[in-house]
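Have a look at the structure below before the remarks.
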Amino acid sequence: MKECVLVLLVLGLILVLSRCEARSPYQAVLQHSRIRGRQQGPNVCAMQQIKGTDRKYFTNCKQWYHRKVCGQPTVITYECCPGYEKIPGEKGCPAALPLVNIYNTLGVVGASTTQMYSDRAKLREEVEGPGSFTFFAPSNEAWAALPTEILDALVSNVNIELLNALHYHMVNRRLTSEELRHGSSFASMYQDFHVHIHHYSNGIVTVNCARLIKPDQHATNGIVHVVDRVITAISSDVMTLIDVDEDLETLRTAIAAAGLTPMLESDGQYTVFAPTNEAFEKIPPETLNRILGDPVALKDLLNYHILKQMQCAESIVSGTPMETLQGTVLEVGCDRDLMTLNGKAIVTKKDQLGTNGVVHYINELLIPDSAKTLLELAEGSSVTTATTLFVEAGLSPHLTGSEALTLLAPLNDAFKGSVTMSPDRKKLMTNHLVKQQLSSKSLYHGQELETLGGLSLRVFVYRNNLCIENACIAAHDKTGRYASMFTVDKVLTPPMGTIMDILKADDRFSLLVGAIQTAGMTELLNQQRAHTFFAPTNDAFNAMPRLQLNNLLRDHQELSAMLRYHLGEGVLVSGGVASHTRVKPLQGEKLELGLRNYTVYVNKVPVADADLMATNGVVHAVDSIIRSLPPKVDREQADGPASPLRSAASSRAEAKSFRNDDLFQKVIRSRSSRTMSQ
């Protein structure tokens, strides 16, 4: 046992400050249970018992606070910790159990049936006598759970089979739970056939996939670990188990075709989720034939069913992601007594143990993304509307073929109202297919991507988002056999002209177009420089006092200043806006942006229509002229309208701030001077 001691020398005295030991997961969980139970008295452990069953667990912190095991609620019980017992009239479990031999220990730890069978098999003398043994003793419930025909076969053959079975539960040396290390095996007392130990991070210890429910029951001549099932000797590897079962014939053929047979015959600690013949038959023939005929896809498919570590069913108490040989993860969990994969209770037979791993039978084939076509990646996900449109647009050959492509698939929520196919929509859907298989991790700011429709799409990288034009990536990539799928939050708006082209084509901006021409900024908004334009609509201009508007439109210098304050450097789409986002305008102080209730605000002015994409930037329509923020507000997030409840002092301060705004102060002075001259 590894120990570490921290000492401090103070005035010649050595003070021990702390002592730490390297504990096994089981010992760590047991210590947690002791701490939880100490208020009940000394040597009391807190257990979680599944309601309505006899199943109990020492639990770690996470399980304790969730108060669930395999999705079932638990109740807290308090028991004597291993090795201690109660004394009438005293609190807790103050007395250490007196050590007796293994035979007598069986009678006091809930294994009286094993004790009885030890008598019947003439084993009593051995486990009462000298020696040092470890006995993995099945509980009374474990014997009762054995099928009648198996139990009869054990006890009817002049006790030889029963003796052999009990000897297989014994090791000719004392082994505490500390020494039952994960992946270890020990020769049993039955023809030296090994028993296989797995010690999991949640504190559960198994022998041949049977859970130790009462470990470390010490005896004078050894130690007893009570287990929850009768275990049987194993001598075959995982591949042999698959070879001899007719229900796994299709799997056996697939394994041979993928060249995985030698691996499953070699040393290791594998978990195989074995699809039955029925599981293969559920797959559409064209899909199955495509995968079986593609060595790369087939190997990925099979490796997706194999975990890198051995996982017995009894070790699972909640959902846990586990890495497969294919490189991705399966969510392995449980629902009551059922084992689940990715949330589905598809395991039909558990814990078929081999010398190099364990096999669990499943009645559904698990197809990893890496073996799927684009269409298969999209089906059954949150992009079903887009998938239907891609098919209606005649893009199925691209979605099912072997082209290297990347599909930009909008979420269902991105489509508003009724969605029907038209020539324009068909062209739009074609531009959601990019001519390369990409990974979002390889994208960079300013990158240009060519679509099947012949357009060029730009990549924008922000601190909080990764966007392709106006559409930002909303989920992890799905990487298929030949192509990838990016789930995006919006229907793509490909750029169709310059900022000036967009403004001219939209009647909402007719006054703005005239103002731009008056200010001499037309050329600027046609240049291939990247700008973000918070473009005032006609409503924004009409909301200004008529005299103020007329004076502004006559003063080209002030008009230009106002427009340049609405024009930011670089391209910022709405998906790139986060808390305290700032944009530097071409003239004036910075613009403060924020997001509230899915609406972008710029200096507290809501954006009425976002992400009108241009080849040289983006246009966001606003229905109010944007003003500089007062100094106090400027230091806060400008993510929405001010509170409607304001003191008179704050209202006066804001009015004063507006009057002090540089742009409008100059406009007012200009208007006043002209009035006086008239």
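The values are calculated or read from the model by the stated rules, or taken from the named source; none is laboratory data. All values reported here derive from a predicted model rather than from experimental measurement. Every residue, glycine among them, receives a Cβ derived from its backbone with ideal geometry; neighbour counts consider all protein chains shown. In case anyone asks, the SASA skips ligands and DNA or RNA and just uses the protein heavy atoms, side chains included. Shrake-Rupley method; radii C 1.70, N 1.55, O 1.52, S 1.80 Å.
Structure values in brief
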{"item": "Peptides 295-308, 394-407 ordered by average Cβ neighbours within 10 Å, highest first", "result": "295-308, 394-407"}
{"item": "Protection proxy ranking, peptides 543-549, 322-328, average beta carbon neighbours within 10 Å, highest first", "result": "322-328, 543-549"}
{"item": "Whole-number D in µm² s⁻¹ for the chain, Kirkwood Cα-pair radius fed into Stokes-Einstein, 4 °C, 1.567 mPa s", "result": "41 µm²/s"}
{"item": "Computed lengthening from Thr77 to Gln447, 0.36 nm per intervening residue step minus Cα-Cα distance", "result": "127.1 nm"}
{"item": "Cross-link pairs Lys372/Lys478; Lys416/Lys504; Lys416/Lys490; Lys56/Lys350 - those with Cα-Cα distance over 18 Å", "result": "Lys416/Lys504; Lys56/Lys350"}
{"item": "Cα gyration tensor, segment 543-595 - rounded (a/c under 1.5), prolate or oblate", "result": "prolate"}
{"item": "P(r), alpha carbons of segment 61-131 - 10 Å bins starting at zero, rounded %", "result": "16, 28, 27, 23, 6"}
{"item": "Gyration tensor verdict on segment 307-370 (Cα atoms; rounded if a/c is under 1.5, prolate if a/b is larger than b/c, oblate otherwise)", "result": "rounded"}
{"item": "Label-point gap, in nm, between Gln436 and Asn464 - each point 7 angstrom along Cα→Cβ", "result": "2.9 nm"}
{"item": "Rg ratio (alpha-carbon, reference 2.2 N^0.38 Å) - segment 179-234", "result": "1.11"}
{"item": "Global form of segment 88-161, assessed from the alpha-carbon gyration tensor, a/c cut-off 1.5", "result": "oblate"}
{"item": "Spin-label zone in segment 118-138 - amide nitrogen under 17 Å from a point set 7 Å from the Cα of Asn104 along the C-beta vector", "result": "119, 124-133"}
{"item": "Cα centroid separation, segment 375-434 to segment 62-124 (Å)", "result": "61 Å"}
{"item": "Kirkwood Rh, angstrom, segment 97-226 [1 / mean 1/r, Cα pairs]", "result": "14.7 Å"}
{"item": "Rounded percent of accessible protein surface that carbon and sulfur make up, segment 240-302, 1.4 Å probe", "result": "52 percent"}
{"item": "Within the chain, helix-based [θ] at 222 nm, where runs of 4 or more DSSP H residues each add -39,500 (n - 2.57), nearest 500", "result": "-8000 deg cm²/dmol"}
{"item": "Hull-based mean projected area of segment 250-393, where the convex hull spans the alpha carbons, in square nanometres", "result": "9.2 nm²"}
{"item": "Stretchable slack from Arg627 to Tyr190, in nm (0.36 nm times residue separation minus alpha-carbon distance)", "result": "148.5 nm"}
{"item": "Protection proxy ranking of 556-563, 418-425, 522-529, 36-43 - average other beta-carbon atoms within 10 Å, highest first", "result": "556-563, 36-43, 522-529, 418-425"}
{"item": "Extension gain (nm, one decimal) between Thr220 and Asn140, 0.36 nm per residue minus Cα-Cα", "result": "26.6 nm"}
{"item": "Compactness index (Cα Rg / 2.2 N^0.38 Å), segment 369-450", "result": "1.11"}
{"item": "Net charge dipole size for the chain [Lys, Arg +1 and Asp, Glu -1 on Cβ; Debye, nearest 20]", "result": "3480 debye"}
{"item": "Rounded percent of accessible protein surface that carbon and sulfur make up, segment 122-221, 1.4 Å probe", "result": "51 percent"}
{"item": "Segment 187-287: Cα Rg divided by the 2.2 N^0.38 Å rule of thumb", "result": "1.44"}
{"item": "Computed label-point distance, nm, for sites Glu265 and Ser579 using a 7 Å Cα→Cβ extension", "result": "6.0 nm"}
{"item": "The chain, accessible area per residue, ligands and nucleic acids excluded (1.4 Å, Å²)", "result": "48 Å²"}
{"item": "Residue among Ile231, Pro138, Met322 farthest towards the positive dipole end of the chain, charges placed on Cβ", "result": "Met322"}
